[in-house]
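To start, the structure under review is shown below, and the notes come after it.
Please treat every number below as a calculation from the coordinates, not as lab data. Bear in mind that the values here come from a model prediction, so they are computed numbers and not experimental data. Neighbour counts run over all protein chains shown; Cβ positions are idealised from the backbone, glycine included.
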Amino acid sequence: MSRNRDRMGQPTTQHADPPQQALQENAGFSFVVPTEFVELPSGGRFYDESHPLHNQTTIEIKQMTAREEDLLTSPTLLKSGVAIERVIQSLIMDKRVAPDTLLVGDRNAILIAARISGYGSEYTTKVTCPACSTTQEHSFNLHELEAVDNPVNSALDITDNKNGTFTTILPRTGLSVEFKLLNGRDEKRMLSQIENQRKRKRAEANVTTQMKSLLVSVNGETSPQAIQYLVDNIPSIDSRHIRACYKLVNPNIDMSQFFTCQECGHEEELEVPLTADFFWPDR
């Protein structure tokens, strides 16, 4: 991720409209809230031409203020699950960008950059050792997180459709399926469906729910019925193929870092947990 000082004097792709100034004014004084340019893992390549981030490699955000902390502590916003979305909306300088249209990887990049600028790169939280199950505090260095943007791998037979969707041929059934990259709106809908299944004490269907969120068409057929039929009957090898293709082409932040257990000495890469401590390091 890029900071203002890193990009000073370097040419960047410009928006059609110049970004707003984060100017705070008062009767007795005024000052400019610092901003930074965050590199987008997607490079803007997978947004529709009508989207403000189409072909934009960076996005400008302002540093977190007490206003964003209010959003993060609002019981109403937290209960409704929109606190983080409201924070992103407040931070983004280009108000044409709707937070729920951000690709998941770009959204993660913004959150990590905002956390670093607001509270620093050291993130200390509780983790559980996979080997001995001991819960302990561990510090992660957020500066070490890097964007992952793998090129399309022909070995998996993936075609980039240049419109935010990809096509692949399933190895067992031979069907041609088109899938898309998830944005914030897709992810929220998917997680809501999974949560509803849990509340209704139904058998969890995380894999099929994710598949329905990803798939756009099957052999050119876009009807919900066709997609539902495939999801319900797809062989496991084809299901794994779709998930592997998505993981490969999805531009995101690699959230894994090295961990050594203080109790048993076990060493393993762990996903950086995005707990409440992420934005409240002094809790």
Could you check the simple spin-label distance between ARG185 and SER50, using points 7 Å along Cα→Cβ, in nm with one decimal? 1.0
Where the centroid of each part is defined by its Cα atoms, how far is the stretch 215-241 from the stretch 84-106 in Å? 31
Taking θ as phi - 60°, what are the ³J(HN,Hα) couplings along the stretch 220-230 by the Karplus curve (6.51, -1.76, 1.60), each to the nearest whole Hz, with x for Gly and Pro? x, 8, 9, 5, x, 5, 5, 5, 4, 5, 4
In terms of the charge dipole of the stretch 150-250, which places +1 on Lys and Arg and -1 on Asp and Glu at the beta carbon, the residue among THR168, THR208, ASN196 farthest towards the positive end is ASN196
Let me know the shape class of the stretch 76-181, please: from the alpha-carbon gyration tensor, a ≥ b ≥ c as square roots of the eigenvalues, rounded when a/c is under 1.5, otherwise prolate if a/b is greater than b/c, or oblate. oblate
Peptides 126-135, 236-245: what's the order by average Cβ count within 10 Å, highest mean first? 236-245, 126-135
Taking the square root of 5 times each eigenvalue of the Cα gyration tensor, what semi-axes in Å does the equivalent ellipsoid of the stretch 137-274 have, largest first? 31, 20, 14
Expected output is a single nm value to one decimal: the length gained when fully extending between THR167 and SER213, i.e. 0.36 nm times separation in residues minus the C-alpha distance. What is it? 15.1 nm
Please work out how much length the chain gains when fully extended from ARG96 to HIS266, using 0.36 nm per residue of separation minus the C-alpha to C-alpha distance, in nm with one decimal. 56.5 nm
Using per-residue counts of other Cβ atoms within 10 Å, averaged over each peptide, order 261-268, 50-57 from highest down. 50-57, 261-268
In this structure, among LYS62/LYS95; LYS79/LYS180; LYS79/LYS188; LYS126/LYS188; LYS62/LYS180, pairs with alpha-carbon gaps over 20 Å are LYS79/LYS180; LYS126/LYS188; LYS62/LYS180
Per residue, how big is the convex hull around the C-alpha atoms of the stretch 198-282? Give it to me in cubic angstrom, could you? 213
